[in-house]
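Just below is one structure, and these are the notes that go with it.
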Amino acid sequence: MAEQLPYSEKVMDHFTNPRNVGEIPDANGIGTVGNVICGDVMKMYLKIENNIIVDVKFKTFGCGAALATSSMVTEMVKGKTIDEALMISNKTVAEALGGLPPIKMHCSVLAEQALRSALKDYYIKQGRPVPFNDQGHSHEDEKCL
Ligand code: FES
C-alpha cells in the first residue's frame, strides 16, 4: 500500500473544497502552465480593473498539492493590486497552506507560474510592456521529480 504523505489540514481542506474553481468569460488575463514531467496543467483567469484583481478563477488538471496551491493562490490574490500579487511566490503559497511535503514543493511552482503567466497576458493584451520576469522566483531547490 502506498504511504500517505503528511499533508496539513489546510492542504486537505483546499484539496477537498477548492475555492474559485471555474472560468471567467470576460477575463482580461489568462495563463496556462504545465509541468512537463508529471503532465499536470493549471489555467488561471484574472479579471483586473484599475490595477486590482477583482476576480480570479482556475482550472487545474493535476495532483492534490497542485489543486490545493491553485485554490490558495486565488484566495491570496483576490482584491490585491498587481504589485501585491507579484510579491507572492510558491513558497508563500506553500506556507499559507501550512507547508507541503518536500517532494510536493514543485507542485506549488505551478501556482506561482500560472499567476505570473496570467498577469503577463494582461499586460500584453493592454499593449503594455511586461514589467517583471515571468519566470518567477528562483526554484532551484524545488526540482521536479
Ligand atoms: Fe504534478 Fe504535483 S505532481 S504538480
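The values are calculated or read from the model by the stated rules, or taken from the named source; none is laboratory data. Just so you know, these numbers come straight off a predicted model, no measurement behind them. Please note that ligands, DNA and RNA were not included when accessible areas were found on the heavy atoms of the full protein model with its side chains. Shrake-Rupley method; radii C 1.70, N 1.55, O 1.52, S 1.80 Å.
Span-like helix criteria (full DSSP H runs; alpha carbon extent of at least 15 Å along the helix axis; mean Kyte-Doolittle hydropathy of at least -0.5) are satisfied in the chain by 64-77, 105-126.
Ordered from longest to shortest, the equivalent ellipsoid semi-axes for the stretch 51-101 are 20, 13, 7 Å, each the square root of 5 times a Cα gyration tensor eigenvalue. Derived value for the chain: Kirkwood hydrodynamic radius 15.1 Å. Basis is the mean of 1/r over every pair of different alpha-carbon atoms. Rolling a 1.4 angstrom probe over the stretch 4-61 with all protein chains present gives an accessible area of which 54% lies on carbon and sulfur atoms. As a ratio to 2.2 N^0.38 Å, the alpha-carbon radius of gyration computed for the stretch 1-70 takes the value 1.28.
Using a Gaussian network model on the chain with a 10 Å cutoff between Cα atoms, which of THR81, THR32, THR60 fluctuates the most? Comparing THR81, THR32, THR60 in the GNM, the peak value goes to THR81. Prolate is the label for the stretch 73-133, because a/c, from the alpha-carbon gyration tensor with a ≥ b ≥ c as root eigenvalues, is 1.5 or above and a/b exceeds b/c. For the chain, a Gaussian network of Cα nodes joined below 10 Å ranks PRO18, PRO102, PRO131 by mean-square fluctuation, and the top entry is PRO131.
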